[in-house]
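K.L.:
Below: one structure in structure tokens.
The values are calculated or read from the model by the stated rules, or taken from the named source; none is laboratory data. Just so you know, these numbers come straight off a predicted model, no measurement behind them. Note: ideal-geometry Cβ built from the backbone for every residue, glycine included; neighbour counts use all protein chains shown. Only protein heavy atoms, including side chains, enter the accessible area calculation; ligands, DNA and RNA are left aside. Shrake-Rupley method; radii C 1.70, N 1.55, O 1.52, S 1.80 Å.
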Amino acid sequence: EMPASGNSFAGPVATIAVSPKDAQTLYWGLAFLGGGSAHLFKSSDGGQTKTDISGNLPAVPVNALLIDPLQPNNIYAATDVGVFVASDGGVANEQWIRLGDNLPAAAVLSLSVTSAGGTPLLVAGTHGRGAWSIPLASVPIFSMSLSPATLGVEQGQSGVFQLQTAAVNGPSTLT
């Protein structure tokens, strides 16, 4: 059965995470197979309303969630096929990025952060493949776009490109 509309849903809740920046912002994932996508939700008002932030996650259970304590907009989702990260705090139609080239595509059941050795590491506990560590995702602080992407200019003429930047994660000014 697919999750219902509104504030109710069907399926067991497998994980809950609360933002270290705002106690009213929480995330939860369902241990639910089928329906074309994973089932991951965000609430910014303590659970009164929810937004489906499953986006492009594979249609497998979400086993664990971790909010980066240093960059609270970075959300890590442990699934039955590996770990995925989003860097914008979770939005509708979220575009998740698979984390780590060497992390196996195995069921990851737990996530933790450690700073052993001074470098923040994400530790992923898998089902049957051991524990893996990987540096926390370095996500861009800004995105850039160039318009037009290409421009043909004849000799003696000039052309103009427009470069736009947008804050993605972190401060809104570039230093």
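K.L.:
Considering only residues that are part of a strand (DSSP E or B) and aliphatic (A, V, I, L, M), look in region 78-87 and name the one that is nearest to Leu33 (Cα to Cα).
P.N.:
Residues of region 78-87 that are part of a strand (DSSP E or B), as a first pass: 78-79, 82-86.
From what is left, the residues that are aliphatic (A, V, I, L, M) are 78, 83, 85-86.
Details: Ala78: 14, Val83: 17, Val85: 20, Ala86: 21 Å.
Per the stated criteria, the residue is Ala78.
K.L.:
Sticking with this structure for a sec: Among the residues of region 115-125, what is the count of those that are part of a loop (DSSP other than H, G, I, E, B) and closer than 19 Å to Leu57 by Cα?
P.N.:
The first filter runs over region 115-125 and keeps only residues part of a loop (DSSP other than H, G, I, E, B), leaving 115, 119-120.
Going one step further and asking which of them are closer than 19 Å to Leu57 by Cα, we end up with none.
Final tally of qualifying residues: 0.
K.L.:
Now, a different point. Only one of (1) in contact (Cβ under 8 Å) with a residue 40 or more places away in the chain; (2) surrounded by fewer than 16 Cβ atoms within 10 Å (Cβ to Cβ) fails for Val83. Which number is that?
P.N.:
Against the list (1) in contact (Cβ under 8 Å) with a residue 40 or more places away in the chain; (2) surrounded by fewer than 16 Cβ atoms within 10 Å (Cβ to Cβ), Val83 comes up short only on (2).
K.L.:
Sticking with this one: Name every residue in region 87-99 that is of a type in the set (A, V, I, L, M) and surrounded by fewer than 15 Cβ atoms within 10 Å (Cβ to Cβ), in order of residue number. I'd like the intermediate steps shown before the answer.
P.N.:
From region 87-99, those of a type in the set (A, V, I, L, M) are 91-92, 97, 99; that's our starting set.
Result: Val91, Ala92, Ile97.
K.L.:
For region 35-54, what are the residues that are under 20 Å from Arg98 (Cα atoms), over 10 Å from the mean Cα position of the chain (by Cα) and assigned to a loop (DSSP other than H, G, I, E, B)? If you could, list the steps in order and put the result at the bottom.
P.N.:
Narrowing region 35-54 to residues under 20 Å from Arg98 (Cα atoms): 36-42, 52-54.
Subset that is over 10 Å from the mean Cα position of the chain (by Cα): 36-42, 52.
Scanning region 35-54 gives Gly36, Ser37, Ala38, His39.
K.L.:
If you scan region 27-46, which residues turn out to be among the small types (Gly, Ala, Ser) and at pLDDT 90 or above? Don't jump to the end; show me each part of the working.
P.N.:
Residues of region 27-46 that are among the small types (Gly, Ala, Ser), as a first pass: 29, 31, 34-38, 43-44, 46.
Across region 27-46, the qualifying residues are Gly29, Ser43, Ser44, Gly46.
K.L.:
Let me ask something else. Could we say that Asn102 is without any contact (Cβ under 8 Å) to a residue 40 or more places away in the chain, closer than 24 Å to Thr165 by Cα, open to solvent by 50 Å² or more (accessible area, probe 1.4 Å) and assigned to a loop (DSSP other than H, G, I, E, B) here?
P.N.:
Values: without any contact (Cβ under 8 Å) to a residue 40 or more places away in the chain: yes; closer than 24 Å to Thr165 by Cα: no; open to solvent by 50 Å² or more (accessible area, probe 1.4 Å): yes; assigned to a loop (DSSP other than H, G, I, E, B): yes.
No; evaluated as a whole, the condition is false for this residue.
K.L.:
Here is a further query. Would you mind telling me which numbered condition in (1) under 16 Å from the mean Cα position of the chain (by Cα); (2) closer than 24 Å to Thr25 by Cβ Ala59 fails?
P.N.:
(2)
K.L.:
Give the residues of region 88-99 that are closer than 18 Å to Val123 by Cα and assigned to a loop (DSSP other than H, G, I, E, B), sorted by residue number. First the steps, then the outcome.
P.N.:
Step one: filter region 88-99 for residues closer than 18 Å to Val123 by Cα, giving 97-99.
Leu99, the sole residue that qualifies.
K.L.:
Test of understanding: among Ser112, Ser145, which residue is open to solvent by 40 Å² or more (accessible area, probe 1.4 Å), hydroxyl-bearing (Ser, Thr, Tyr), in a strand (DSSP E or B) and modelled with pLDDT of 80 or more?
P.N.:
Working: Ser145 fails: modelled with pLDDT of 80 or more.
None of the other options fit; the residue is Ser112.
K.L.:
Next question, about the same structure. Count, please, the residues in region 165-175 that happen to be open to solvent by less than 100 Å² (accessible area, probe 1.4 Å) and either modelled with pLDDT of 75 or more or touching a strand residue (DSSP E or B) at 6+ places or on another chain (Cβ under 7 Å) (or both). If you could, list the steps in order and put the result at the bottom.
P.N.:
If we filter region 165-175 for residues that are open to solvent by less than 100 Å² (accessible area, probe 1.4 Å), which is where we start, we get 165-173.
Those left that are additionally either modelled with pLDDT of 75 or more or touching a strand residue (DSSP E or B) at 6+ places or on another chain (Cβ under 7 Å) (or both): 165-168.
Number of matching residues: 4.
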